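Below: one structure, written as structure tokens.
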Amino acid sequence: MTDLAPWGLTDWRAVTGHVVGEDAALWLVSAQGRWARYEDGAWRLISVDADLTTSVIVNDAPLIGAQDGLLVESTGGWWTQRQSGTGADILDFWYVPQTGETLMCGTAGTLMSWDGETWTVLLPPALNDLFAVWSDGSHTFVAAEGGTLFHSDGVDFLEMETGTSAELRDLFGASLVDLWAVGTGGTVLHFDGTEWYPQDVPVATDLYRLAQGPGGALWACGASGTVLVRSGGAWEDLSAGLPEDEDVMGIGFDGADVVAVTAQGGVHLWDGAAWTLSHPYPGLALSGVATDADGALVILGENGAILGQ
């Protein structure tokens, strides 16, 4: 059997399952933490030997990015991996509903576009790490290492004046006239289509991610147990009850509950009144939250960890 050869040096330690007639349900596990399943006459790798970093919903299913340019997808109820064509770490995605394309950025100036069939390398605005990307199909914004923000109207990327030297870590928005950015030192910026304006926030900790809840409220999370929410035009600090020694790396939504995952292995639920530690995973660095094809939350982490509900 040669199906496993493309996955490189892997020490397979155990196989289990059954074969009934022509039906085979077999599993392999390796010393490197890889899992594989045998179905329809072929082995399929369903876990990756790399830290998972970010995710985006494409056609109602999650696309997960990892180190070394690996992509993880939910296919036929199983997680499968493939290469994006770059060896750089994937740091952010943005799905462009206006065009149906998916943009991806990462370390070492990586900027790529997926049209549903092929990944295409795009000319990046800088050769250092690109933390976040956003686009409406006509205008594209890229946040880069060193506190620079670039904008392109379809021709060239030009550096923008943001009024801050903070390093921006995430971009999110429904339109060009309602675009948000968060970054180091509690930086929150809003773009109205013409200029970036600083926002008053009740914290000064580094902010890593933005997410929008089902009700339209905007959420931000970051270092030292920081979680903010914007509803009614003002930012509110909801950090009380979260451990100050844990960095919140992602925010997800499970019905009425808000899910905050931390780099120290904590999964915390906000029920509208208080935070509760739902599932502790000591020693497992968690990096974000995705939604699978059935609408259920999955939590991402190091060493290819995908934690289901």
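Among Glu167, Glu117, the sequence by solvent-accessible area, most first, with a 1.4 Å probe is Glu117, Glu167. Place a point 7 Å from the Cα of Asn59 along the Cα-to-Cβ direction; which residues of the range 105-149 have their backbone N under 12 Å from it? Only 115-118 pass the distance filter. Across the range 265-272, computed HN-Hα scalar couplings (Karplus, 6.51 cos²θ - 1.76 cosθ + 1.60, θ = phi - 60°) run x, x, 10, 10, 10, 10, 9, x Hz from first to last residue, x flagging Gly and Pro. Taking amide H positions as modeled 1.01 Å from N, with prolines and chain starts lacking one, no residue 5 or more places away or on another chain lies under 5 Å from Val201. Overall dimensions of the chain, expressed as equivalent-ellipsoid semi-axes from the Cα gyration tensor (√(5λ), whole Å, largest first), are 34, 24, 16.
Shape call for the range 53-97 from the C-alpha gyration tensor, a ≥ b ≥ c root eigenvalues: rounded (a/c under 1.5), prolate (a/b greater than b/c) or oblate? Verdict is oblate for the range 53-97. Each residue was assigned an accessible area with a 1.4 Å probe, and for Tyr38 the value is about 50 Å². Using the Cβ of Arg230 as centre and a radius below 12 Å, the other residues enclosed give a net charge of -4, where K and R count +1 and D and E count -1.
In the assembled protein chains, Val15 presents an accessible area of approximately 100 Å² (probe radius 1.4 Å).
Heavy-atom accessible area, probed at 1.4 angstrom with all protein chains present, ranks Leu300, Leu9 as Leu9, Leu300, highest first.
Accessible area per residue, 1.4 Å probe, Å², for the range 151-256: what's the number?
Using a 1.4 Å probe on heavy atoms only, each residue of the range 151-256 averages 47 Å².
Overall form of the range 230-309: oblate. Here a/c, set by the Cα gyration tensor axes a ≥ b ≥ c, is 1.5 or more, and a/b is not larger than b/c. The length gained by stretching the chain between Glu244 and Leu307 to full extension, at 0.36 nm per residue less their Cα-Cα distance, is 20.3 nm.
Local charge for Ala25 was computed over the other residues whose Cβ lies under 15 Å away, with Lys and Arg +1 and Asp and Glu -1, and equals -2.
The calculated FRET efficiency for Leu176 paired with Ala296, based on their beta-carbon distance and R0 = 41 Å, is about 0.80.
For the pair Asp40 and Asp156, a Förster radius of 45 Å applied to the C-beta separation gives a FRET efficiency near 0.45, rounded to the nearest 0.05. Between Glu117 and Thr194, the contour length at 0.36 nm per residue exceeds the alpha carbon distance by 24.3 nm. Among Leu277, Leu179, Leu26, the residue with the largest mean-square fluctuation in a Gaussian network model of the chain, with springs joining Cα atoms closer than 10 Å, is Leu26. Annotation: amide H-H contacts under 5 Å for Met160 (H modelled 1.01 Å from N, sequence separation of 5 or more, or interchain): Leu149, Phe150, His151.
Take the alpha-carbon centre of the range 109-128, take the same for the range 280-309, and report the distance between them in whole Å. Result: 26 Å between the Cα centres.
Counting only protein heavy atoms and a probe of 1.4 Å, the accessible surface of the chain is 49% carbon and sulfur. Amide hydrogen proximity for Tyr208: with H placed 1.01 Å from N in the peptide plane, the residues at 5 or more positions away or on another chain lying under 5 Å are Cys221, Gly222, Ala223.
Other residues whose C-beta falls under 12 angstrom from the C-beta of Met160 contribute a net charge of -4, scoring Lys and Arg +1 and Asp and Glu -1.
Rounded, prolate or oblate, given the Cα gyration tensor of the range 146-236, with a/c below 1.5 counting as rounded? The shape class here is oblate. Please build a GNM for the chain, connecting alpha carbons under 10 Å apart, and tell me which residue among Val48, Val182, Val121 fluctuates the most. Of Val48, Val182, Val121, the Gaussian network model singles out Val121 as fluctuating most.
Summarising the label geometry, the points placed 7 Å from Cα in the beta-carbon direction at Ala217 and Ser138 lie 3.3 nm from one another.
The values are calculated or read from the model by the stated rules, or taken from the named source; none is laboratory data. Everything quoted here is computed from the prediction, not taken from an experiment. So basically every Cβ, Gly included, is an ideal-geometry build from the backbone, and we count neighbours across all protein chains shown. Ligands, DNA and RNA are stripped out before the accessible areas are found, and what is left, the full protein with its side chains, is counted by its heavy atoms. Shrake-Rupley method; radii C 1.70, N 1.55, O 1.52, S 1.80 Å.
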